[in-house]
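To start, the structure itself, in structure tokens.
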Amino acid sequence: MWTNKILSINFIPSDLSGSNPALCILFSNHQNFSVAKPNQTRELPRSIQLVSMALNRLSATASILRRLIHSPRALSSSSAAAVAAADISPSHQSLAETEEDAIITMKGVRISGRPLYLDMQATSPVDPRVLDAMLPFYISRFGNPHSRTHLYGWESEEAVESARAQVAQLVGANPKEIFFTSGATESNNISIKGVLRFYRDKKRHVITTQTEHKCVLDSCRYLQQEGFDVTYLPVRHDGLVDLDQLASAIHPDTGLVSIMAVNNEIGVVQPLEDIGRICKEKGVPFHTDAAQALGKIPIDVDKMGIGLMSLSGHKIYGPKGVGALYVRRRPRIRVEPQMSGGGQERGIRSGTVPTPLVVGFGKACEIAMKEMEYDGRRIAALQERLLKGIRKKLEGVVVNGSVQHRYAGNLNLSFAYVEGESLLMGLKEVAVSSGSACTSASLEPSYVLRALGVDEDMAHTSIRFGIGRFTTEAEIDRAIELTVNQVEKLREMSPLYEMVKEGIDIKSIQWAQH
């Protein structure tokens, strides 16, 4: 019977709750085959077993939707999605059990439900359209894109090349200039170490800034250990690089200038066109870490004079574990591979290309291409709402970094007379950070804020709010309320704030040591 063509598969719920669904399959010989319960399908072909498993999920999803609709507490979009993803179960629970399950205890912190997510610079949720594009390459089109002898490899290779074109289109590049990597960290390592090692006989000098991502700074320090010279340019108080200092720092033996496009901690947008023009005039390749810029600000590698560029998938609503490196072909820039293997990605990055991740990255770039302008306007409005809402109720709130030259989705604020870690711990219902996710484990003040000349006490009080595509006005309003309440609470306990209200100049006090 299984050799006959399946005409239709029908899902028939046995009751209004959607539980215990029946599976009815109509074959080409018009025989009907029905199964009372989808979990009793071991004797069926694998394809029908998968359908049956999906029906179980549908039944569980119906139960979850009822719980979300009748939940006594309004959930954010990200929280609702997380509840659904984490709680697909065929069992039914009472409302009391549901409320108890909503209490989350982790790392010694007890939270009543998942917090609002405002940490988009650390990572972003996967856009459902991206996930839809990825799923077939996990389930049915799972071939290795480097397999040349059969359909599975051919269709995976075609999908990878299509994604390559999608990434290239977003930055104005040729698809042959895009190389897939595991992320921006690997791309930065290939760019900095790869270029200098390839041209080591002629070029021994690198220029970067003091506010770069840690992987760029560490790569430069690694080169210093190999005998290369590195210039770490300071930045102005607004976070922007001084172009005159940059031009004067370039020497005949300078092999690379590496300056990030959008800072991950303070959101400052560097003048890429001006930097690219200076580098072109001096004949030095320009590398930029554009992990925080891709899909958020317009990028044109030719117009901006970019020679190498690092990209990341999970910062633009794509999957984690995938990124890309742009390397200019004309004039050609050469890099020394940092990984040995099968020579994939034209020898620059060996290792099997993960087709599902690459497809998701490409889809995320395609969506960003279409929706960047709309997202930008909406996120700018939400940022203005957040900043005005906080400043309306609190004094002593400082924006770190340039206000004019910044990406609106990154709002880094310092709150005077408040200890940053205490503020973070008090904001349990809002997922925010005190800086880079890669270095936030340290209790030291942010090296980025120190480079801007921010006082140490203010640097300790900084909070980074990250706004994204799926952030809602309700989430912003709730974040304002929680932030204001917590800052006011901490200031009431602060003797420094009490002294300020009495008109005492704290900076003029000479504290005695005991």
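The values are calculated or read from the model by the stated rules, or taken from the named source; none is laboratory data. Since the structure is predicted, the reported quantities are computational estimates derived from the model, not experimental observations. Every residue, glycine among them, receives a Cβ derived from its backbone with ideal geometry; neighbour counts consider all protein chains shown. Keep in mind that these areas ignore ligands, DNA and RNA; they rest on the heavy atoms of the full protein, side chains included. Shrake-Rupley method; radii C 1.70, N 1.55, O 1.52, S 1.80 Å.
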Handout entry: Among residues of segment 323-381, those that are of a type in the set (A, V, I, L, M), free of Cβ contacts under 8 Å to residues at least 24 places away in the same chain and either part of a helix (DSSP H, G or I) or touching a Pro at 6+ places or on another chain (Cβ under 8 Å) (or both), counted
Key = 1
Problem - M120, sole failed condition from (1) in the same structural domain as L308 (by the TED database); (2) at pLDDT 95 or above - result: (1)
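Take K214 and tell me if it is surrounded by fewer than 23 Cβ atoms within 10 Å (Cβ to Cβ), touching a Gly at 6+ places or on another chain (Cβ under 9 Å), over 20 Å from I306 (Cβ atoms) and not assigned by the TED database to the domain that holds V403. Break it down stepwise before answering.
Values: surrounded by fewer than 23 Cβ atoms within 10 Å (Cβ to Cβ): yes; touching a Gly at 6+ places or on another chain (Cβ under 9 Å): no; over 20 Å from I306 (Cβ atoms): yes; not assigned by the TED database to the domain that holds V403: yes.
So K214 fails the test.
For segment 199-209, state whether one or more residues are assigned by the TED database to the domain that holds F286, open to solvent by 50 Å² or more (accessible area, probe 1.4 Å) and of a type in the set (D, E).
Scanning segment 199-209, I find at least one residue that is assigned by the TED database to the domain that holds F286, open to solvent by 50 Å² or more (accessible area, probe 1.4 Å) and of a type in the set (D, E), so the answer is yes.
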Completion exercise
The condition of being in contact with a strand residue (DSSP E or B) (Cβ under 9 Å, 6 or more places away or on another chain) and open to solvent by 60 Å² or more (accessible area, probe 1.4 Å) holds, among T185, T149, only for T185
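Do you know which of the residues in segment 218-237 that are assigned to a helix (DSSP H, G or I) and in contact with a strand residue (DSSP E or B) (Cβ under 7 Å, 6 or more places away or on another chain) is surrounded by the fewest Cβ atoms within 10 Å (Cβ to Cβ)? Outline the logic, then answer.
Step one: of segment 218-237, the residues assigned to a helix (DSSP H, G or I) are 218-225.
Then drop every residue that is not in contact with a strand residue (DSSP E or B) (Cβ under 7 Å, 6 or more places away or on another chain), which leaves 220, 223-224.
Numbers: C220: 24, L223: 22, Q224: 12.
Filtering segment 218-237 for residues that are assigned to a helix (DSSP H, G or I) and in contact with a strand residue (DSSP E or B) (Cβ under 7 Å, 6 or more places away or on another chain), the one surrounded by the fewest Cβ atoms within 10 Å (Cβ to Cβ) comes out as Q224.
Can you pull out every residue in segment 241-262 that is open to solvent by 10 Å² or more (accessible area, probe 1.4 Å) and not hydroxyl-bearing (S, T, Y)? Give the derivation first.
Within segment 241-262, the first condition is being open to solvent by 10 Å² or more (accessible area, probe 1.4 Å), and the residues that meet it are 242-245, 247-253.
Once the filter is applied, which keeps residues that are open to solvent by 10 Å² or more (accessible area, probe 1.4 Å) and not hydroxyl-bearing (S, T, Y), segment 241-262 yields D242, L243, D244, Q245, A247, A249, I250, H251, P252, D253.
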Completion exercise
Within segment 245-266, residues more than 17 Å from E281 (Cβ to Cβ) and of a type in the set (S, T, N, Q) come out as S258, N263, N264
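Residue by residue, here is whether (1) among the β-branched types (V, I, T); (2) surrounded by 13 or more Cβ atoms within 10 Å (Cβ to Cβ); (3) at pLDDT below 75 holds:
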residue	(1), (2), (3)
S462	no, yes, no
T472	yes, yes, no
L490	no, yes, no
Y497	no, yes, no
K507	no, no, yes
Q513	no, no, yes
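If I filter segment 304-312 for residues that are among the β-branched types (V, I, T) and surrounded by fewer than 23 Cβ atoms within 10 Å (Cβ to Cβ), do I get at least one hit?
Looking through segment 304-312, none of the residues is among the β-branched types (V, I, T) and surrounded by fewer than 23 Cβ atoms within 10 Å (Cβ to Cβ).
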